[in-house]
Amino acid sequence: MTYPETKKVDLTEEHFGTAIADPYRWLENDLKEDRAVAQWVDAQNTVTSRYTASLPGRDAFRDRLTALFNHEQLTSPLKRGGDYFFTRNTGLDMQPVLVVRDGENGAERTILDPNQWSEDGTKALAVWAPSEDGKLVAYAIQENGSDWRPIRVLDVQSGAVLADEIAWARFTMIAWMADGSGFFYARSPEPDDSGRSDAQVVNHAVYFHRLGTEQSEDRLIHSPAAEHPLLHTVDITADGRFLVIYSTALMGGSALSVVDLSASEWQVRPVIERFDHLSTLVGNVGTKLYVLTADGAEQGKIVTGDLAAQDLVFTDLIEEKPGAYLRLASLVGDKLLLSYMVDARIEVERYELDGKAAGAVNLPEAGSAGTFSGRPGDNEAFFTFTNYATPKTVYRYDVNANEATLWAGPDGLIGADSSPGDIEVEQSFFSARDGTLIPISIIRRAAAKAAAPTMLTAYGGFGIPLLPAYSPQAVAWVQEGGVYAVANIRGGGEYGKAWHEAGKGQAKKTVFDDFIAAAEFLKHEGISSEGGLAIHGESHGGMLVGAVVNQRPDLFDVALPGVGVMDMLRFDRFTAGNLWISEFGSPSAEDSFNYLRSYSPLHNIKTGEDYPAILVTTADTDDRVVPAHSLKYVATLQAAQVGPRPQLLRVERNAGHGDGTPNQKIIDEYADRWSFAAHWTGLW
């Protein structure tokens, strides 16, 4: 295959006595601003599109994915002022719309339709929040997948958009004052060069915006000095009394602070000051707080404390549960609902407010239940449920009766020629290199037991768990006759803090070892066919794919790294990269630098070895993991002569890290990725 010519520059830097060549540094320039980079990307895209257009399974995958996406998708409703607010995608809409229902069984109407905001669907509704009386909605707009998201305010009754406009909101939630006079949000400073996609995440802060005023008058609420860069998110307690601020350094947890909004002076009061443990305010009854924390209990527990006391002291209410990790908790009605992860699946337990056990919540089947959204004193709550074979379904939960009933779900069509009963999900465990047992879910047609081309994925970072969730992409691979496998490797959060710590920092290579062990398990057990093992991962998972391919190019037949962190020696220089130092270590410290260099996907490509077929994907507006990571990685691969199979780059235009991507772009991308993998694994 003939690749586009790639300019090399003579650039070498010395780090801690080691010379590091960086001949493709020029590809770090913003391709939307640098013509040379844009032309190189266009040339790469041309080669890739011609190649994927020739693949025999591409149209079949596009048709199947289109059918699988074509079912109604709703979010759990938020009840405000007697009305129900939720988003809906009827199936193949580019973007979901925001809907309000008049009471439990009243009429519905669309109040925000992002599909009308742009011709190509690249403007999306991001975070949104209705005021307590349901008369106003504050909402953020995401354009081309960017993390910069301006906030506007809608009058629900008239449909008018108010004059208020917030710029430079980034990594934010929206929390209304109870009286509707304004809302809290988080933002970064305006970048020096307006709109630069590579602007670092620094000085993130919480502000209050009063309706009818200019943003320049917004009140700074919280911007603490800290050793590490911080991100802040906000919430309001159900009674409207306390502003809740979560501050994270991405160390696997968050600090927790509150502001008593009933006080004449708003003072930020620390509640939990550690960043390395999960801490979440479950709810409050007056000044009594119910808090989920892993501080002193790595599997999570519920504690209580009274803000009326001068010195806030917490008392254990519900101790940690052996063999289960407490991930979420809600105070709804007069009950505490605790969601535990048990072997990467969710189980929900009920408790009285005094900590007495009150039985379990019966979920429809094994899978994942989302947060129970409801209010203290209100008997009604909602939650979503999904698993690998069941699209996300919304249930209404009667707290007193402990009964869940279907509120909204897909129309029963799982697409193409298959129903949920045709898909079998089996959870197994494999032994890691050090003997640790790790869960892996195997998804395939119920009647298929023979070895088949297999797509393996994992994440393994930032304490983020991979829970059972319906994926049209995964089902499409299975319906075409393949096997889809999800490995819950260390570095994630499936078993709590220790599971994360085992794959963090200078233990990061454990993540790669676990993933390699998962691949070997699939082959040893006769699940993956000979010559038929593909791997994919996105973001941290993209880095994982790049790293294991370098370590074991013989083990994999296809690799699909998406929006990956590939240059581990310069990741901290762009956008949110400085926040990842707590996960990876700092390239500015010698011990961390040497460790990062030992596995960095960009710096460990083995010239002259036979590599799997590789299709790298990224997007031009990704301002979280900048496209330079993927561009430099592909340029290095193509120059390294790594065997006869192709190493291609696909750069999506007017898209970002994934959030807000229009359905059609997702379908087209996965038609390319899956048909590429199908060709090189023998599925097609």
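The values are calculated or read from the model by the stated rules, or taken from the named source; none is laboratory data. In this text the structure is predicted, and so the values were computed from the model without any measurement. Note that we place each Cβ from the backbone using ideal geometry, even for glycine, and neighbour counts take in every protein chain shown. We work out accessible area using only protein heavy atoms, side chains counted, and drop any ligands, DNA or RNA first. Shrake-Rupley method; radii C 1.70, N 1.55, O 1.52, S 1.80 Å.
Among the residues in the stretch 128-149, are any at positive phi, of a type outside the set (Val, Ile, Thr) and more than 26 Å from the chain's Cα centre (by Cα)?
yes
Within the stretch 1-20, track down each residue that is open to solvent by 60 Å² or more (accessible area, probe 1.4 Å) and among the hydrophobic types (A, V, I, L, M, F, W, C).
Those that are open to solvent by 60 Å² or more (accessible area, probe 1.4 Å) and among the hydrophobic types (A, V, I, L, M, F, W, C): Met1, Phe16, Ala19.
Check Trp128, Trp40 and return the single one that is aromatic (Phe, Trp, Tyr) and closer than 22 Å to Met173 by Cα.
Trp128
What strands (runs of 3 or more DSSP E) lie completely within the stretch 417-499 and have 1 or more residues being at pLDDT below 95 and either of a type in the set (Val, Ile, Thr) or within 15 Å of Ala344 (Cα to Cα) (or both)?
So the answer is 423-431.
Can you tell me which condition Asp422 does not meet? The list is (1) in contact with a helix residue (DSSP H, G or I) (Cβ under 9 Å, 6 or more places away or on another chain); (2) open to solvent by 50 Å² or more (accessible area, probe 1.4 Å); (3) over 24 Å from Gly526 (Cα atoms), and all the others hold.
All conditions pass for Asp422, except number (3).
Test Asp102 against the stated conditions and say whether it is touching a Pro at 6+ places or on another chain (Cβ under 9 Å) and open to solvent by 50 Å² or more (accessible area, probe 1.4 Å). Working first, answer last.
Values: touching a Pro at 6+ places or on another chain (Cβ under 9 Å): no; open to solvent by 50 Å² or more (accessible area, probe 1.4 Å): yes.
Answer is no for this residue.
So which residues in the stretch 584-638 are part of a loop (DSSP other than H, G, I, E, B), of a type in the set (Ser, Thr, Tyr) and open to solvent by 10 Å² or more (accessible area, probe 1.4 Å), if there are any at all?
Restricting attention to the stretch 584-638, the residues satisfying the condition of being part of a loop (DSSP other than H, G, I, E, B) are 585-589, 600, 604-612, 620-627.
Subsequent filtering for residues that are of a type in the set (Ser, Thr, Tyr) retains 586, 588, 600, 607, 611, 621.
Answer for the stretch 584-638, where residues must be part of a loop (DSSP other than H, G, I, E, B), of a type in the set (Ser, Thr, Tyr) and open to solvent by 10 Å² or more (accessible area, probe 1.4 Å): Ser586, Ser588, Thr607, Thr621.
Could you check the stretch 63-136 for strands (runs of 3 or more DSSP E) lying wholly inside it with 3 or more residues that are not aliphatic (A, V, I, L, M)?
By residue number, 83-89, 108-112, 123-130.
Tally up the residues in the stretch 105-136 that are in contact with a Phe, Trp or Tyr (Cβ under 7 Å, 6 or more places away or on another chain) and open to solvent by 70 Å² or more (accessible area, probe 1.4 Å), please.
Count: 1.
Give the stretch 318-332 a look and list any residue that's out of contact with any Pro (no Cβ under 6 Å at 6 or more places or on another chain) and either at positive phi or open to solvent by less than 40 Å² (accessible area, probe 1.4 Å) (or both), or say none. Quick ask: steps written out before the conclusion?
Start the filter on the stretch 318-332 by keeping residues that are out of contact with any Pro (no Cβ under 6 Å at 6 or more places or on another chain), which leaves 318-330, 332.
Selection gives Ile318, Gly323, Ala324, Tyr325, Leu326, Ala329, Ser330, Val332.
Going by the structure shown, is Val161 open to solvent by 30 Å² or more (accessible area, probe 1.4 Å), more than 30 Å from Val268 (Cα to Cα) and β-branched (Val, Ile, Thr)? Working first, answer last.
Details: open to solvent by 30 Å² or more (accessible area, probe 1.4 Å): yes; more than 30 Å from Val268 (Cα to Cα): yes; β-branched (Val, Ile, Thr): yes.
When the stated conditions are applied, Val161 passes them.
Conditions tested, residue by residue: (1) assigned to a loop (DSSP other than H, G, I, E, B); (2) touching a helix residue (DSSP H, G or I) at 6+ places or on another chain (Cβ under 6 Å); (3) of a type in the set (S, T, N, Q); (4) without any contact (Cβ under 8 Å) to a residue 12 or more places away in the chain.
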| site | (1), (2), (3), (4) |
| --- | --- |
| Ala518 | no, no, no, no |
| Gly526 | yes, no, no, no |
| Ile535 | no, yes, no, no |
| Gly541 | no, no, no, no |
| Val548 | no, yes, no, no |
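Kindly establish whether Gln473 is touching a Lys or Arg at 6+ places or on another chain (Cβ under 9 Å) and open to solvent by 10 Å² or more (accessible area, probe 1.4 Å).
The answer is yes for Gln473.
Only one of these is among the β-branched types (Val, Ile, Thr), part of a loop (DSSP other than H, G, I, E, B) and either modelled with pLDDT under 95 or more than 16 Å from Arg597 (Cα to Cα) (or both): Val9, Val41, Val47. Name it.
On inspection, the qualifying residue turns out to be Val9.
Can you confirm whether Ile245 is crowded, with 17+ Cβ neighbours inside 10 Å, touching a residue at least 60 places away in the same chain (Cβ under 8 Å), β-branched (Val, Ile, Thr) and touching a strand residue (DSSP E or B) at 6+ places or on another chain (Cβ under 6 Å)?
No: the conditions fail for Ile245.
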